[in-house]
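Working notes for the structure below.
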Amino acid sequence: MKNLKNRPSAEAKAPALPPEIDPAQSVELLKELHILTRDGKLNQDSRRKLKQVYHLFQFIEKLLTELPASNAGLSLADHGAGKSYLGFIVYDLFFKALETGHIYGIETRPELVVKSQELAARLDFGRMSFLNLSVAESTQSDLLPARIDVVTALHACDTATDDAIAFGLQKNAQAMVLVPCCQAEVAACLRQNKALNGTKTPLSELWRHPLHTREMGSQITNVLRCLYLEAWGYQVTVTELVGWEHSMKNELIIVKYTGQKKRSAAERLTSLLAEFGLSALLATRFRLPEASV
């Protein structure tokens, strides 16, 4: 009889993964993304990052499941993709099992684009493309199809979120999932108009101090974005991405196209811009449908 005493057990060959890992997830992918260490461990920073991406995936998966797919399948564009954690995990958990569909990762840093391209090739994720473009450039690029079903922008900084919204509108996106970050443009406008607004309305007390200017600018920006999307025919839901202990940039905006453009939302948007001395943005960031003007 063979001696089985020193034979490695199944558990030794395949150590248990941390409970946070989705059982359907490719362990090789998580190691390539440096979320898992080579021996299958998960450090605190990776645990926090994975929690955010998994939570976001739950919303994206629901949207993808609800959308009707064309013969070419569903398409998703991830703006400001960075190392493409989100795109790779969405592909691995959803698109990989399908015969159709495509994910586009859009990123300005060429070295990250190249690394993502190489990783997709190693993992045989054939329906992923990575483009070295800004969000604004992608709106006009022939490298993307005329229509994109879902647009995501995770921590897209300052006006990159607005560019992602503009991209979604042009591509007739059926849904968008946005986590805005570092909304500086409106805060800068508030600072520039501070002297004028100080004599115009007591509301200016809300951004008299520099810290309040920054926070109010962030809050106002996202309120304006939600009204803008409603004016263009989207149903808007605003919630938390994860607990505040994990990230201060925590606002998650989820929108689904209904086709019902809300004139009342356009009117409230116009009134708010006027109230805060921001009406110039109607010609740039917040161009309304013609019927609403």
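The values are calculated or read from the model by the stated rules, or taken from the named source; none is laboratory data. All values derive from a computational prediction rather than experimental measurement. Backbone-built Cβ (ideal geometry, glycine too); neighbour counts: all protein chains shown. Areas reflect the complete protein model, heavy atoms only, side chains present, ligands, DNA and RNA absent. Shrake-Rupley method; radii C 1.70, N 1.55, O 1.52, S 1.80 Å.
Of all positions in segment 43-56, none carries a residue that is closer than 24 Å to Ala121 by Cα, in a loop (DSSP other than H, G, I, E, B) and modelled with pLDDT of 85 or more. For segment 114-136, the set of residues classified as polar (S, T, N, Q) and open to solvent by 20 Å² or more (accessible area, probe 1.4 Å) consists of Gln117, Ser129, Asn132, Ser134, listed by residue number.
Scanning segment 112-125 for residues that are in a helix (DSSP H, G or I) and farther than 20 Å from Ser141 by Cα turns up Lys115, Glu118, Leu119, Ala120, Ala121, Arg122. Only residues that are part of a strand (DSSP E or B) and touching an Asp or Glu at 6+ places or on another chain (Cβ under 9 Å) were counted across segment 78-111, and they come to 7. Considering only residues of segment 137-167 that are of a type in the set (S, T, N, Q) and more than 17 Å from Lys83 (Cβ to Cβ), which is surrounded by the fewest Cβ atoms within 10 Å (Cβ to Cβ)? Within segment 137-167, the match that is surrounded by the fewest Cβ atoms within 10 Å (Cβ to Cβ) is Gln140.
Does segment 49-66 hold any residues that are of a type outside the set (Asp, Glu) and touching a Lys or Arg at 6+ places or on another chain (Cβ under 9 Å), and which are they? Of everything in segment 49-66, just one residue is of a type outside the set (Asp, Glu) and touching a Lys or Arg at 6+ places or on another chain (Cβ under 9 Å), namely Leu63. From the list Glu28, Glu32, the one residue that fits, being of a type in the set (D, E, K, R), more than 27 Å from Leu178 (Cα to Cα) and at pLDDT 90 or above, is Glu28. With a requirement of 2 or more residues that are modelled with pLDDT under 95 and in contact with a Phe, Trp or Tyr (Cβ under 7 Å, 6 or more places away or on another chain), the helices (runs of 4 or more DSSP H) lying completely within segment 147-257 that satisfy it span 210-231. When segment 81-107 is filtered for residues that are farther than 21 Å from Phe59 by Cα and surrounded by 16 or more Cβ atoms within 10 Å (Cβ to Cβ), only Glu107 remains. For segment 258-293, a residue qualifies if it is in contact with a Lys or Arg (Cβ under 7 Å, 6 or more places away or on another chain) and modelled with pLDDT of 85 or more, and exactly one does: Pro289.
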